[in-house]
Structure formats: structure tokens, C-alpha cells
Amino acid sequence: PYIGLFYLFACGLQYLKDQKRFHPVLFLVIITVFPVLLGSQSIDQQRKWKNGETLWTSAIQTYPNAYFPYLCRGRYFKQKDQLNLAFNDFQKSVQFHPNAEAYYELGLLYEAREDFENALDRYLKATQGTTPYPKAHLNAAKIFGMKGDGDKAKHHFERAIEIDPQYSLAYFNYAVLL
């Protein structure tokens, strides 16, 4: 983006030079102030991009009602093993926009806590969206299998395979069920 700004800056300077009102002092002020402003903006952005938490927190401050920054920051927290913070962000994400990814992530967190009923509920919610989510079907199938409900497990394994015919883990788990 800076290349375009520098091009516009150079065009503006050329325009000023072609005008009869061009002053060398104005030229010096412009060529010193512009890089300082861009440099300060770069430093500010660099602080925001320090890590995933600062990046997505900045995005949340800019767009407080958007689901995606909460989803991404939740994934960052999950990766850093800050599961309670991740859980809160995934909850916020589905609060602003019910989405399969956040429901799936919540299901994984519930499953890690061995709360299989809530995990299953979130996996099923992830399967009900407009975007097919084969991982949610696979995990729902595994929980149905653990509960002894083979028919529902079979349905979700088949649905995962239907959505993604290359999903080898779904084939493997389906074969174990059979």
C-alpha cells in the first residue's frame, strides 16, 4: 500500500513544482512530515500485529459486533492453552453470528472437559448451518457411537463422507463403527 501512497505523493509534489506558487520551504516541510506520519502509522500497526491476541483484540475494538475476530482470537487462545478465554470468545462469536466454526470449536472444548452432551449439542449446531462442516459430523458421529446410537453415528459418518469424499478420517471411523 505504501508504494501507491509514495506514487501519489510524488505526483502531488510534481504538481506543486509545476505551479508557480511552489516554495522550496514547503517542499522541505512536505518531504519531512510525510515520512514521519507514515513511520508513526507503521509503528502503531506493528504494535497491533505483535501476536494473534493483540491483532484480534484490535479488530474487536474496531468492530465490536463482528463474529470473526472473536472466532480468530478464540483459536489463538486455544492454541496457547488458555481454554477459558477461548471458550468466552467462541461464545461471543456465536452470539453475534451463529457459525459452524465457532460451534465446532465449542464442541471440542466441551469434549475436552468430557461434557459429551454439550459437545454433541454444539457439533449438531455446527452441522445445521448453510456451510457444510464435515468435522462436526465426524465428531457428532463419534459421540453417537460412544453412546451406542449406531444409526445416528452411521448417518453422520455418511454425511461427513458425502460432504468431503477425500476425508479419510471419516472413512476410518466409519469402518470402525461397522
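Restricting to the stretch 58-71, name every residue that is open to solvent by 70 Å² or more (accessible area, probe 1.4 Å) and in a helix (DSSP H, G or I).
Across the stretch 58-71, the qualifying residues are Q61, T62, Y67, F68.
Six or more apart or on different chains, Cβ under 8 Å: which pairs go from a residue in the stretch 130-144 that's free of Cβ contacts under 8 Å to residues at least 40 places away in the same chain to one that's crowded, with 21+ Cβ neighbours inside 10 Å and acidic (D, E)? Could you list them?
Cβ pairs passing all conditions: Y133/E101.
Hey, A102 hits all of (1) open to solvent by 20 Å² or more (accessible area, probe 1.4 Å); (2) closer than 30 Å to E158 by Cα; (3) under 18 Å from the mean Cα position of the chain (by Cα) but one; which does it fall short on?
Checking A102 against (1) open to solvent by 20 Å² or more (accessible area, probe 1.4 Å); (2) closer than 30 Å to E158 by Cα; (3) under 18 Å from the mean Cα position of the chain (by Cα), the one that fails is (1).
Does L28 satisfy the condition of being open to solvent by less than 90 Å² (accessible area, probe 1.4 Å) and assigned to a helix (DSSP H, G or I)?
In short, no.
Right, G74: touching a residue at least 24 places away in the same chain (Cβ under 8 Å), within 23 Å of K50 (Cβ to Cβ) and in a helix (DSSP H, G or I) or not?
Against the criterion (touching a residue at least 24 places away in the same chain (Cβ under 8 Å), within 23 Å of K50 (Cβ to Cβ) and in a helix (DSSP H, G or I)), G74 qualifies.
In the stretch 96-113, what count of residues is obtained for those that are in contact (Cβ under 8 Å) with a residue 24 or more places away in the chain and farther than 12 Å from K125 by Cβ?
Adding up the residues that qualify gives 6.
Quick test for you: out of Y167, Y133, pick the one residue that is modelled with pLDDT under 95, over 27 Å from G52 (Cβ atoms) and either touching a helix residue (DSSP H, G or I) at 6+ places or on another chain (Cβ under 8 Å) or open to solvent by less than 30 Å² (accessible area, probe 1.4 Å) (or both).
The conditions single out Y167.
List every residue pair whose Cβ atoms lie under 7 Å apart, where the two residues are 6 or more positions apart in sequence or sit on different chains, the first residue falls within the stretch 44-70 and is closer than 20 Å to V94 by Cβ and of a type outside the set (F, W, Y), and the second residue, located anywhere, is open to solvent by 50 Å² or more (accessible area, probe 1.4 Å) and assigned to a helix (DSSP H, G or I).
Filtered contacts from the stretch 44-70: N65/F96; A66/F96; P69/W56.
Keeping to the stretch 141-164, report how many residues are open to solvent by 50 Å² or more (accessible area, probe 1.4 Å) and touching a His at 6+ places or on another chain (Cβ under 8 Å).
Residues flagged as open to solvent by 50 Å² or more (accessible area, probe 1.4 Å) and touching a His at 6+ places or on another chain (Cβ under 8 Å) within the stretch 141-164 amount to 1.
Just to be sure before I move on: is L55 surrounded by 10 or more Cβ atoms within 10 Å (Cβ to Cβ) and more than 30 Å from D81 (Cβ to Cβ) in the structure I sent?
The answer is no for L55.
Conditions: (1) open to solvent by 70 Å² or more (accessible area, probe 1.4 Å); (2) within 18 Å of the chain's Cα centre (by Cα). F87 meets all but one. Number of the miss?
Here F87 clears every test but (1).
If a residue must be in contact (Cβ under 8 Å) with a residue 24 or more places away in the chain and assigned to a helix (DSSP H, G or I), how many such residues does the stretch 162-175 contain?
5
The values are calculated or read from the model by the stated rules, or taken from the named source; none is laboratory data. Being a predicted model, the structure only gives us computed values, none of them experimental. Quick reminder, even Gly has a Cβ in these numbers, built from the backbone with ideal geometry, and neighbours come from all protein chains shown. Calculation scope for accessible area: heavy atoms of the full protein, side chains included, ligands and nucleic acids excluded. Shrake-Rupley method; radii C 1.70, N 1.55, O 1.52, S 1.80 Å.
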